[in-house]
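Reading through the structure tokens given below for one structure.
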Amino acid sequence: MDWVRQGKCYLSMWPRAPNCPVFLHYTSDELLYNQCRQLAQKWRNQNVELQERVWQGLFHAFQALGSWLPESEASIAEAGEFVQKVVRMQDLK
């Protein structure tokens, strides 16, 4: 797992900035925290429209718990709102 800690796997998956808005939720305690932070900074530097949120004290893929965890429901709701906003933006073009 040393390659994950060094950020070699995650950042190399995104050699170019995406040409669409990005929704990025991750947690402060997960293994990919540093890689997510680096990726978000890279995209901000490339002027990517980014909605980023760091959830405190949770674990990777916490959204999978759905209604069992209030934070899961909140994150999923924010994802839905983000998608609706992006779709509306596309409709206006």
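The table that follows gives values for the structure above.
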quantity	calculated
For Val22, distant residues with modelled amide H under 5 Å away	Glu49, Leu50, Gln51
Cβ crowding within 10 Å averaged over residues, with 24-33, 59-68 ranked highest first	24-33, 59-68
Mean projection area, nm², convex hull over Cα of the range 15-93	5.8
Residues Ala17 and Val54, FRET efficiency given R0 of 25 Å [Cβ-Cβ distance, rounded to 0.05]	0.75
With all protein chains modelled, accessible area of Arg88 [1.4 Å, Å²]	140
Under Karplus coefficients 6.51, -1.76 and 1.60, residue-wise ³J(HN,Hα) of the range 45-50 in Hz, glycine/proline x	5, 9, 6, 6, 6, 10
Counted charge near Gly57, where neighbours are those whose Cβ lies closer than 14 Å (Asp, Glu -1; Lys, Arg +1)	-2
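The values are calculated or read from the model by the stated rules, or taken from the named source; none is laboratory data. All values reported here derive from a predicted model rather than from experimental measurement. Note that each Cβ is placed from the backbone with ideal geometry, even for glycine, and that neighbours are counted across all protein chains shown. The protein model used for the area step is the full one, side chains on, heavy atoms only, and it has no ligands, DNA or RNA in it. Shrake-Rupley method; radii C 1.70, N 1.55, O 1.52, S 1.80 Å.
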